[in-house]
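Here's the structure we're looking at; comments come further down.
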Amino acid sequence: MAMKTLHVTHPLKSEEIPSDDTVLIMGFFDGVHLGHQKVINTGVKLAHEQGLKSVLITFDRSPRVVYQHEKNFKYLSTEQRKQQLVEKLGVDYLYFVKFTSDFSQLKPQEFVDEYMIGMHAKYVVAGFDYTYGKRDIANMQTLPNYSRDEFKIITVPEQTFETEKIGSSSIKKMIETNQIDEANELLGYNYQNSGTVVHGLQRGRKLGFPTANLAVGKGELIPSIGVYATRLQVDGNWYDSMTSVGYNVTFQENTGITVETNIFDFDADIYGKEVEIQWLHYLRGEVKFDGPEGLVDQLEKDRQNSRQYLKLKTR
């Protein structure tokens, strides 16, 4: 059965509540990294063993935007990307709850009554640091006090990879500091962004390296300045490529951050197309050259290094 996705607003309508008994999987799951995957897999496995439906409840935006009023918050996964990643793990129902001010003001007992007991939970599975209100009173340790003995609680401990805690915040820091390779290890897949191909300055074409300029979705975290071995998906096909994230320092236009992808062995007009870009490997930082010749030499090296890396990666 394909996963069913629902976008709901508090309070839930009766037709939005599952009719079966459920295993509830709770969390925001930004990035659906290896730690999140452990929580989700635990819930899905339990649902199969108990003959129950697996239901994952998440939100349309980060609780940090609502509670801590974080401005310009950047996400590791859009809703669409989160949906793709969760579906791969075999979840039956995915709920995106709109984080309205009404919803944010629910007391812990009200939240448990409506979004756990009210969802016919026989088991609630979440990570060790899951909260459902104020951290000091509404955490996994205090959940039995609110459960009314209606469900069992499964707490998944902190996950590590080679002693590194697997968490969305640490993965974000890696992506922002030239460590995309390490971030991908903790994600369990290659980090990606979605975007639209827009008109650029056409300079790459003149240098023999035509690029697709990408306008990345608002709110998505873009990797740090530098050059990367990447793959780009357009019209359902993936192509090897290299991508520069930069400020155009050699030519000094004030165009803000640009994401420019040179797609190998590709010569189609893709302006206006929606694309996905996968970031596989950090090659180098941004360098200012005295003129076009030095830049072209470096781009040749980058292309060679990217091809070499991608060839090894796809074996």
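Here SER306 fulfils each of the conditions (1) under 22 Å from THR196 (Cα atoms); (2) modelled with pLDDT of 95 or more; (3) not charged (D, E, K, R) apart from (1). The residues of region 118-143 that are within 14 Å of LEU56 (Cα to Cα) and of a type in the set (A, V, I, L, M), listed by number, are MET119, ALA121, VAL124, VAL125, ALA126. Can you find a residue in region 34-51 that is of a type in the set (Ser, Thr, Tyr) and under 21 Å from HIS7 (Cβ atoms)? No, that holds for no residue.
Farther than 20 Å from ALA47 by Cα and either among the acidic types (Asp, Glu) or buried (at least 18 other Cβ atoms within 10 Å of the Cβ) (or both), is that true of GLY127? Walk me through it before giving the result.
Details: farther than 20 Å from ALA47 by Cα: no; either among the acidic types (Asp, Glu) or buried (at least 18 other Cβ atoms within 10 Å of the Cβ) (or both): yes.
Considered against the rule, which asks whether it is farther than 20 Å from ALA47 by Cα and either among the acidic types (Asp, Glu) or buried (at least 18 other Cβ atoms within 10 Å of the Cβ) (or both), GLY127 comes out as no.
All of (1) under 21 Å from GLY43 (Cα atoms); (2) in the same structural domain as LYS74 (by TED's automatic domain parsing) hold for SER168 with one exception: (2). A search for C-beta distances below 7 Å between a residue of region 291-304 that is closer than 17 Å to PHE266 by Cα and any residue that is assigned to a helix (DSSP H, G or I) and of a type in the set (Asp, Glu), counting only pairs 6+ apart in sequence or on different chains, returns nothing. Which pairs have Cβ atoms under 7 Å, sit 6 or more apart or on different chains, and link a residue in region 158-186 that is closer than 27 Å to VAL125 by Cβ and of a type in the set (A, V, I, L, M) to one that is at pLDDT below 95 and not in a loop (DSSP other than H, G, I, E, B)? Filtered contacts from region 158-186: ILE166/THR160; LEU186/PHE161; LEU186/GLU164.
Please go through region 29-75 and pick out each residue that is β-branched (Val, Ile, Thr) and free of Cβ contacts under 8 Å to residues at least 40 places away in the same chain. Please lay out each step first, then the result.
Looking only at region 29-75, we keep the residues that are β-branched (Val, Ile, Thr), and these are 32, 39-40, 42, 44, 55, 57-58, 65-66.
Matches in region 29-75: THR58, VAL65, VAL66.
Results for (1) in contact with a Phe, Trp or Tyr (Cβ under 9 Å, 6 or more places away or on another chain); (2) outside the structural domain of TYR115 (by TED's automatic domain parsing); (3) of a type outside the set (A, V, I, L, M), shown as yes or no for each residue.
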| residue | (1), (2), (3) |
| --- | --- |
| ILE17 | no, no, no |
| THR22 | yes, no, yes |
| PHE29 | no, no, yes |
| VAL44 | no, no, no |
| HIS48 | no, no, yes |
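Only residues that are assigned to a helix (DSSP H, G or I) and either closer than 19 Å to TRP238 by Cα or touching a Lys or Arg at 6+ places or on another chain (Cβ under 6 Å) (or both) were counted across region 256-312, and they come to 10. Remark: GLU150 falls outside the filter, which requires a residue to be of a type in the set (Asp, Glu), in contact with a strand residue (DSSP E or B) (Cβ under 8 Å, 6 or more places away or on another chain) and within 22 Å of GLY246 (Cβ to Cβ).
Could you run through region 161-178 and say how many residues are under 30 Å from THR243 (Cα atoms) and more than 16 Å from the chain's Cα centre (by Cα)? Reasoning before the result, please.
Initially, region 161-178 is screened for residues under 30 Å from THR243 (Cα atoms), giving 161-162, 164-178.
Of the ones still in play, those that are also more than 16 Å from the chain's Cα centre (by Cα) are 161-162, 164-165, 177-178.
Within region 161-178, residues that are under 30 Å from THR243 (Cα atoms) and more than 16 Å from the chain's Cα centre (by Cα) number 6.
The values are calculated or read from the model by the stated rules, or taken from the named source; none is laboratory data. As the structure is a prediction and not an experimental result, all values here were calculated from the model. When we count neighbours, we look across all protein chains shown, and the Cβ atoms used for this are built from the backbone with ideal geometry, even at glycine.
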